[in-house]
Structures are given as C-alpha cells and as structure tokens.
Amino acid sequence: MKIGFIGLGNMGAPMAHNLVKAGHALTAYDVSAEAMQTLAAAGAKTAPSPKAAAQDADFVITMLPAAAHVKAVLTGEEGIFAATAKKNVTIIDSSTIDPASVKAFAELANQNGNAFVDAPVSGGTGGAAAGTLTFMVGGSKEAYEHVKPVLSAMGKNIVHCGDTSTGQVAKICNNLVLGITMAGVSEAMALGEALGIDPAVLGGIINTSTGRCWSSDTYNPFPGVIEMAPSTRGYTGGFGTDLMLKDLGLATDAAKHARQPVYLGALAQQLYQTMSTKGAGRLDFSAVIKLYRKEGNT
C-alpha cells in the first residue's frame, strides 16, 4: 500500500520502520531531518512537507505530540488537505489528543473528501519497535475494517472501540490508570527502600502478588529491578514525563466536561506537574519516583 507517515518521534519512527519492513511503500515527513534520513536508510522515501507525503498516498498516518500539531499538519498551507491530487485518502491519527478535537478533525476531513479514524496506541517504545502495539480505533465499522491491515503491520491488538473519538476515550482512560499506578508503585518502592528491604526483592514480591501491574512488572521505576526498564538507563528513551502530564490533562479536562470526578487522576497530574516544573519533563514518567526517594538516593 502507498502510505504517508507524518511524525517520526520516539513512537512514530519505529512504527514507520515496521511499515517499511512489511513491504509498504512509505513516504515520510518530520521536522527532524535526521529522523527522515534514518528512515530513508531503511528504505522509505522522504518528503519536504505533509502535503508531499500525502500526495500519492492511499493512507496517511499522523503520530504527533498534540492536537495543535495535528491541526497544522491537516490544514496548513503545506498540509494534508492541500494534497488535492487524490481524494478518498484515509487519515489515521495515532496521536493522543482530546476527543472533541478528533470529532472536529473528522468533520474537516469529511468535508475535504477524506475518511478519518482515531487510532491511538498503547505499548510504549518497546511495543512500537517490536510491532506489538495495541491500537484503539474510533470510527465506523467499515473504516475499522479498512485500516486494520495497515495497523496490523505495527501492532498485534487492533480494537474497534466504537464511533469516532472513542479510540481517544479508551487511550486517555488507559493512561489515567497508568499515571496513577506508576505513582503508586513509586510510592511503595521508595517506602520499601526507606524501611530497609532490598528493592529487587520487594519488586519480585509485588510482581507475584496482588500489587502486580504493568508499572511494576514491566516498567518498574526503581533502578535495577527490571533490566529493560527506562529506570535502569537513567530514565531515558521511554514515555516522557511531559507526555504523561499532557495525557492526564486530557483526562481531567474530559472529566470536567462529563462532570465525572477523577480524584486520583488530579493528584497524579500534580505529581507529574511538579516533576516538569523541576526540569524533569523529558525524563521517562517513571522518574516520578524521584519525588519520593531521599535526596541522597536519587
């Protein structure tokens, strides 16, 4: 298939690599020339703009930091909608943005003659590299069936969540859980350290007991407990604190509109906000444990 891919960050780059590996004809765009050069070395074409990336595509995938970036890529002078040579292009947005923006973008796409589905992901950078991501797809049943073969080259679990924007609903609810559980695991691991238990022993017990969760058994925030976790490499190369803060903000904003309380989510948001204010926004979100550990140990 001819696919345009826009956004080659920590998640987008390995996703695009997997599309190339699957044999798709990929044309990519990113603001980083280095990211495009790396992908070109793997066999993809590169483009000077989103418009050029979408010009001859059957599908266009966007993987961008925020709704403002998605809007610019769609509607800008050199944006996707400016690629007029071909209509009926399906746009798949895998960014994590608010549900209201998704509905607005879908309407704009429809007016432009394009289908639009929201398909945010879960699985982290490891899942992106391994091609084992979960895609949460919002759109019609027909649109879901249409995009499933493309998404299957990047993920193993492709779930139809419902109508447009429900993919984002699933994603922000999932990341609400993730942010809260990471703070909880950090609190427990730091307490265990302060009380004198070997963190590796404590982590092993939690991971075979009722406290077990992804934040502990796969992504434990204490250095050395899980060999492949970002905590063991100085909290680098993972899911940034500022990104978690953004996602929790999406959840709390959506909760306001729904008049639904999110007590723990609001508290978790403040923890990650504190980390960001301290200048740790680019560290992996599991670095939130630094707020709990004694200064000499962090």
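Summary table below
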item	result
Count of segment 136-157 residues which are crowded, with 21+ Cβ neighbours inside 10 Å and either in contact with a His (Cβ under 6 Å, 6 or more places away or on another chain) or basic (Lys, Arg) (or both)	2
Count - residues of segment 52-80 that are more than 24 Å from the chain's Cα centre (by Cα) and either under 22 Å from Val147 (Cα atoms) or not assigned by TED's automatic domain parsing to the domain that holds Met154 (or both)	3
Contacts under 9 angstrom Cβ, first residue in segment 151-167 being under 16 Å from Ser101 (Cβ atoms), partner basic (Lys, Arg), 6 or more apart	Thr164/Lys103; Ser165/Lys103
Flag if Leu250 is within 25 Å of Ala13 (Cα to Cα), surrounded by 16 or more Cβ atoms within 10 Å (Cβ to Cβ) and in contact with a helix residue (DSSP H, G or I) (Cβ under 7 Å, 6 or more places away or on another chain)	yes
Hits in segment 27-44 - residues which are buried (at least 19 other Cβ atoms within 10 Å of the Cβ) and either out of contact with any Gly (no Cβ under 8 Å at 6 or more places or on another chain) or β-branched (Val, Ile, Thr) (or both)	Thr27, Met36, Leu39, Ala44
Which numbered condition Lys103 fails, given (1) of a type outside the set (A, V, I, L, M, F, W, C); (2) in a loop (DSSP other than H, G, I, E, B); (3) in contact (Cβ under 8 Å) with a residue 40 or more places away in the chain	(2)
Selected residue (criterion: farthest from Phe5 (Cα to Cα)) from residues of segment 94-105 that are among the small types (Gly, Ala, Ser) and buried (at least 23 other Cβ atoms within 10 Å of the Cβ)	Ser95
Hey, Met154 modelled with pLDDT under 95 and of a type outside the set (S, T, N, Q) or not	no
Count - residues of segment 277-292 that are out of contact with any strand residue (DSSP E or B) (no Cβ under 8 Å at 6 or more places or on another chain), buried (at least 18 other Cβ atoms within 10 Å of the Cβ) and not aromatic (Phe, Trp, Tyr)	6
Test: residue in segment 109-129 that is farther than 29 Å from Gly238 by Cβ, of a type in the set (A, V, I, L, M, F, W, C) and assigned to a helix (DSSP H, G or I)	yes
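The values are calculated or read from the model by the stated rules, or taken from the named source; none is laboratory data. If you're wondering where the values come from, they're calculated on a predicted model, not measured in any experiment. Because the Cβ atoms are built from the backbone with ideal geometry, glycine has one as well, and the counts that use them run over all protein chains shown.
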